[in-house]
Amino acid sequence: MKKLKELSPEKALRLLFLLFALAFFCAAVLMPDRSDMIITGFLNLLRLPAKTPTNYFSPGYGGYAGTFLNIGCVCLICTALCFLPKAKINGVTVLAVILTIGFSAWGIHVLNIWFGFFGVALYCLVKKDRLGNHIHTMLFTTGLAPLYSDLMLYYPGADYAGFRWQGILLALAVGIFVGFLLPAMLPHSPAMHKHYNLYSAAIPICLMAFFLRGVLYIVLGAARGGSDVGPIKNEYAGLQFASQTICNVFCIVLFGLCILFALLMGCKIKDYLALMKDTGYRTDFIDRYGIAVSVMNIGVFGLFILLYYNLVSLLGSNNAVFNGVTFGCIFCMLSTGCVGSHPRNIWPIMAGYVIASFLTRWISLYLLHFTTFTMTIDAQAILVGLCFAGGLSPISGRYGRRYGILAGMLHFCLVTSAPLLHGAFSLYNGGFTAGITCMLLVPVLEHFCRTKEERPEAKKIGSK
């Protein structure tokens with residue numbers, strides 16, 4: 001225990017990522033379909049399109065065992081990057097690693113993760129920079145994993161063609177293009193949303209997806225691929241394959257171990273309560289509160305997210321809430337747990353989603369008398385959207401609960417329209433929507449409202 005307390009943040013995070021990978025590998029061999037894990041599970045993921053949202057839990061994709069094996073392998077690759085010479089590991093690295101882990105349940109696999117890495121490596125070679133300084137940049141390039149898969153398996157036609165050397169070379173060229181330019185674009189992204197969107201990398205990634213879709217599919221006239229699920233039957237591609245038990249047991253054990261790990265590292269309850277008072281604006285919890293408190297937040301925050309999705313499954317009528325997509329979303333939302341999000345500043349965003357769902361349902365069905373309503377709180381697009389709406393938690397933290405609820409409601413209204421821009425080729429759609437929400441809402445808040453820090457001073461001036 002003494003050795004754990006003496007670990008540097010970098011060593012502690014490497015150990016944490018290794019424990020995550022071990023947990024996924026253990027889960028893979030414990031799944032009921034483990035006999036099909038390698039041949040009909042894991043290998044299937046490599047030769048199937050990753051168009052979002054794709055439920056890897058489906059038996060025609062990876063199944064439970066194949067999906068957990070894939071996540072474990074991707075987690076191991078992410079961890080290996082953290083061992084690069086003089087690697088820079090901080091809260092943003094944690095965001096990039098856990099975000100990539102989450103998407104490994106519905107868009108990323110061990111084959112389409114690599115293409116952008118080569119572009120970042122070329123950038124470092126040209127700029128004479130250390131590759132270890134750009135771990136997070138390499139991982140952010142995987143936000144276009146569905147595009148890489150589409151280029152390999154379909155392009156330029158609409159029908160499944162399987163792996164071809166032309167497609168692999170094209171995917172590599174696109175990956176190099178993305179990876180080479182992304183390091184230049186990332187530092188400018190926070191200025192667009194004034195640091196209120198924790199998924200800042202989503203903006204340049206989705207803009208690149210918009211550009212590449214325009215060139216490769218619109219200008220050149222190629223057919224949009226991914227219209228079917230390739231060599232397997234269509235009924236296996238659905239989102240109905242889900243297990244609330246598997247998801248809950250795995251997450252409770254994993255996040256419980258994170259809490260135990262934090263306590264063994266010396267985390268004190270009063271220190272975590274201090275973190276819970278943080279606004280989440282322009283902060284790195286690891287630098288401000290230490291690694292033990294940050295790991296505690298990962299555990300507590302993860303259980304809080306899990307609780308929300310369980311409540312949603314009770315409120316709605318969808319029996320497949322806990323499919324591969326939703327399971328991945330739990331980790332995608334958890335990824336901001338070291339850079340600004342915690343239960344106290346994110347619950348208003350969740351409340352905003354719930355309120356917006358019931359309010360728009362009432363308007364649609366009872367005021368406008370429409371016959372159908374698809375934006376229920378347990379609809380798949382909304383479950384995914386809420387995950388990335390959590391990136392708006394600094395708005396809730398700085399301006400207060402009511403504005404956090406407003407931000408969640410605005411994100412709810414926009415999230416299903418954003419894929420029309422990038423053609424669903426970007427996994428970071430919800431983060432991109434969070435950026436748009438900031439561009440619409442933050443200027444209004446800055447003009448008409450005061451932050452929680454400014455209000456006491458304003459009251460003093462008013463009393464005089």
### Summary
Expressed as a whole-number percentage, the relative contact order of the chain with C-alpha contacts under 8 angstrom and at least six residues apart is 19
### Query
Listed highest first by mean packing, meaning other Cβ atoms within 10 Å per residue, what order do 182-191, 360-369, 276-285 come in?
276-285, 182-191, 360-369
### Message
In whole Å, what are the extents of region 267-407 along the principal axes defined by its C-alpha atoms, from largest to smallest?
### Response
53, 32, 20
### Summary
Per residue, accessible area of region 84-192 with a 1.4 Å probe, heavy atoms of protein chains only, in Å², comes to 37
### Query
Just the accessible area for Glu6, please: 1.4 Å probe, Å², rounded to the nearest 10?
130
### Query
In whole percent, what relative contact order does region 73-172 give with Cα contacts below 8 Å and a gap of six or more residues?
29
### Query
How large is log10 I(q)/I(0) at q = 0.12, 0.17, 0.23 Å⁻¹ when the Debye formula is applied to the Cα atoms of region 21-134, each weighted equally and without solvent?
-0.46, -0.81, -1.20
### Message
Through the Karplus equation 6.51 cos²θ - 1.76 cosθ + 1.60, θ set to phi - 60°, convert the phi angles of region 421-428 into ³J(HN,Hα) values in whole Hz; use x for Gly and Pro.
### Response
6, 10, x, 6, 7, 10, 6, 8
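What is the Cα radius of gyration of region 83-122 over 2.2 N^0.38 Å, N being its residue count? Show your work: numbers first, answer last.
Numbers: Rg = 11.6 Å, N = 40, 2.2 N^0.38 = 8.9 Å.
For region 83-122, the normalised Cα radius of gyration comes out at 1.30.
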### Task
Determine the principal axes of the Cα atoms in region 18-64, then give the extent along each, sorted from largest to smallest and rounded to whole angstroms.
29, 22, 14
### Query
Which value does Rg/Rh take for region 345-417 over its C-alpha atoms, Rh per Kirkwood?
1.01
### Task
Read phi for every residue in region 32-49 and hand back ³J(HN,Hα) as whole Hz from Karplus 6.51 cos²θ - 1.76 cosθ + 1.60, θ = phi - 60°, with x for Gly and Pro.
x, 9, 5, 5, 9, 4, 8, 6, 9, x, 4, 5, 4, 4, 6, 10, 10, x
### Message
What would the Debye equation give as log₁₀ I(q)/I(0) for region 120-215 at q = 0.10, 0.15 Å⁻¹, counting only Cα atoms as equal point scatterers?
### Response
-0.30, -0.64
### Task
Would you mind getting the Kirkwood hydrodynamic radius of region 88-159 from its Cα pairs, rounded to one decimal in Å?
13.1
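Shape verdict for the chain, please, from the Cα gyration tensor: rounded (a/c under 1.5), prolate (a/b greater than b/c) or oblate. It would help to have the intermediate numbers written out before the result.
Numbers: a/c = 1.34, a/b = 1.19, b/c = 1.12.
Note, shape of the chain comes out rounded.
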#### Entry: At R0 = 45 Å, FRET efficiency that the Cβ-Cβ distance of Leu169 and Glu6 yields, to 0.05
0.40
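What Kirkwood hydrodynamic radius do you get for region 326-464 when you take the inverse of the mean 1/r over all pairs of distinct Cα atoms, in Å?
Numbers: mean 1/r = 0.0628 Å⁻¹.
Evaluated on region 326-464, it is 15.9 Å.
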### Exceeding the 22 Å Cα-Cα cut-off - candidates Lys51/Lys127; Lys11/Lys88; Lys88/Lys452
Lys51/Lys127; Lys88/Lys452
### Query
Sorting Val384, Val312, Val215, Val253 by accessible area (1.4 Å probe), largest first, what list results?
Val253, Val215, Val384, Val312
### Query
Between Lys277 and Thr451, what is the label-to-label distance in nm when each label sits 7 Å out along the Cα-to-Cβ direction?
1.7
### Query
Separation of region 112-168 and region 343-357 by C-alpha centroid, Å?
35
### Cα radius of gyration and Dmax for region 244-287 (Å)
13.6, 37
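From the P(r) of region 383-464, can you give the percent of Cα pairs sitting at distances over 19 Å?
Details: 1408 of 3321 pairs.
For region 383-464, the fraction of Cα-Cα distances above 19 Å is 42 percent.
Could you work out what % of the accessible surface of region 28-127 is carbon and sulfur, using a 1.4 angstrom probe and leaving DNA, RNA and ligands out of the count?
On the way: 2370 of 3330 Å².
So the carbon and sulfur contribution to the accessible surface is 71 percent.
The values are calculated or read from the model by the stated rules, or taken from the named source; none is laboratory data. Given the structure is predicted, the values throughout are model-derived calculations rather than measurements. No Cβ is skipped: glycine too gets one built from the backbone with ideal geometry, and neighbour counts run over all protein chains shown. Surface areas here come from the heavy atoms of the whole protein model, side chains and all, with no ligands, DNA or RNA. Shrake-Rupley method; radii C 1.70, N 1.55, O 1.52, S 1.80 Å.
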